[in-house]
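The values are calculated or read from the model by the stated rules, or taken from the named source; none is laboratory data. In this text, all values refer to a predicted model and were calculated from it rather than measured experimentally. Cβ placement follows ideal geometry from the backbone for every residue including glycine, while neighbour counts extend to all protein chains displayed. All accessible areas refer to the heavy atoms of the entire protein, side chains included, with ligands and DNA or RNA removed. Shrake-Rupley method; radii C 1.70, N 1.55, O 1.52, S 1.80 Å.
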Amino acid sequence: MVKKIILSMLVAFFLTGVCSVTYAGNFRTLAMSGWLKLGPDQAWEKSYDTENGKFKIRFRKLMLGSDAKRYHLIIWWNGKRIADGYSPEGSQYAFKIFEDGDTKRIFVMLETLGRAVVMGYEPNNQKLEKYIDSLDYYSGNLPYPIMDVDSEGDLRLSFSSTMNGLGPIRYKFVWNKDVNWFGYSNASPQVQRNSSYDESSDTSYDEDYEYEDYSSSGEATVETEMESAPTSTGSSSGELFYETQEVVGS
């Protein structure tokens, strides 16, 4: 009888421990297009139901039009257009759709070679915001930005020397619902300093951002304090996506 009671207590303790496991973030990936190779008037379209309504996205390569309006992107939320605009001629495009489980917000990542941006609909001002642009972050001259959801449920941006590898420079993002913007921290693993690398030669480096602090052993200690993700400084002429008119949705 005593053994049964002890066993029951151990099982209850184990189940309590399992249920109490929490993650730093609550993002999940809803869809991935892979690299799109569309012919004239061909489209990639994805539609699905979420806990907060129906989401639909369509990306079509136009047969006619200028190189600045080669692709047409439309996003619907519960049947209403919340984005309607264009992307310029590019070698390759890819999409990933993310959802924040806490707020049920949907975020769209549009990616081309050497650049990735994350956009989302902001209901307060009724427009599509660009929240993250890989051009605004130090990359260490690594050419390929990659965005995914890590094992802790956080949105992650990494820079790599290959199109498919997880790079050594990484940033972790969490959604701050109090300010309706992302916060981010440096999530780069500890790496050995490359003595041949000249930091001053990297024109994309932000001198005000202390992304690493090297110890006497030569290993980098990672800065984990969350900062507010910067507002993109890119001009409209260089954007991956731009609207030609204001789109009002629900």
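Ordering 102, 154 by accessible area with a probe of 1.4 Å, largest first, what comes out?
In descending accessible area the options line up as 102, 154.
For residue 59, what is the net charge nearby, where nearby means another residue's Cβ is under 10 Å from its Cβ and Lys, Arg count +1, Asp, Glu -1?
Its environment carries a net charge of +3.
Given a 1.4 Å probe and every protein chain left where it sits, what share in percent of the accessible area of region 25-186 is carbon and sulfur?
Carbon and sulfur: 45 percent of the exposed surface of region 25-186.
May I ask you to list the residues of region 48-62 whose amide nitrogen lies under 20 Å from a point 7 Å from Cα along the Cα→beta-carbon direction of residue 72?
56-62
Using a 1.4 angstrom probe on the protein heavy atoms only, line up 96, 69 by accessible area, largest first.
Order by accessible area, largest first: 69, 96.
Under a Cβ-Cβ cut-off of 10 Å, what is the net charge of the residues other than residue 89 that fall near it, where Lys and Arg count +1 and Asp and Glu count -1? The partial results should precede the final answer.
Numbers: positive: 61, 69, 70; negative: 67.
In short, +2.
Provide the gained length on full extension for the span residue 152 to residue 64, in nm with one decimal, where the gain is 0.36 nm per separating residue minus the Cα-Cα distance.
Numbers: separation 88, 0.36 × 88 = 31.68 nm, distance 4.43 nm.
In short, 27.3 nm is gained.
Using 0.36 nm times the number of residues separating residue 113 and residue 164, minus their current alpha carbon distance, what extension gain do you get? Let's see the in-between values first.
On the way: separation 51, 0.36 × 51 = 18.36 nm, distance 1.16 nm.
Length difference between fully extended and current span is 17.2 nm.
Taking the solvent-accessible surface of protein heavy atoms with a 1.4 Å probe, what is the per residue accessible area of region 25-186 in Å²?
Roughly 43 Å² per residue, with all protein chains present.
Set the bar at 29 Å for Cα to Cα. Now go through 54/127; 96/177; 54/177; 80/172; 80/177; 61/172 and name every pair that lies beyond it.
On the way: 54/127 18 Å; 96/177 21 Å; 54/177 22 Å; 80/172 32 Å; 80/177 24 Å; 61/172 32 Å.
Correct reply: 80/172; 61/172.
Distance in nm between label sites at residue 227 and residue 41, each 7 Å beyond Cα in the beta-carbon direction?
Each label point is offset 7 Å from its Cα along the Cβ direction, giving 4.9 nm.
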